[in-house]
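Worksheet for the structure shown next.
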Amino acid sequence: MARPLRTCRCGHTKEHELVAEEPEYTLWGWILLSMFGITPKPDHVVYRCQMCRQSVGSTRDPKVLARKSAPKRPPAPDAEAPASSSGSPASDPQPEESPRT
Ligand SMILES: [Zn+2]
């Protein structure tokens, strides 16, 4: 059962690159965001065309919401191998406390 894809007035579906996932927050979310600088988990995500600002749908998919609430990290380049063959000494970032008696 194929449901018809909604399109904006430009004819973009939510798969289009110009259609962005925009997190929408609840009122409390906005309060958190503006007063405390906390990025709350969005209530839902709206697919909005960046050309005409028309929304072509929304989702409450927890995976999408989590992706929107988490800070964006650049994708790790998988062409480069991790620094294991460079022979650098492994340094402990946290000093180990040795209890002495
Ligand atoms: Zn559009």
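Values in this text are rule-based calculations from the coordinates and carry no lab data. Being a predicted model, the structure only gives us computed values, none of them experimental. All Cβ positions, glycine included, derive from the backbone under ideal geometry; neighbour counts span all protein chains shown.
Sorted on the mean count of surrounding Cβ atoms within 10 Å across their residues, most packed first, peptides 27-40, 47-60 read 47-60, 27-40.
At full extension, Glu24 and Arg53 could sit 9.0 nm farther apart than now, given 0.36 nm per residue minus the alpha carbon distance.
Computed from the alpha carbon atoms alone, the convex hull of the range 19-69 holds 74 Å³ per residue.
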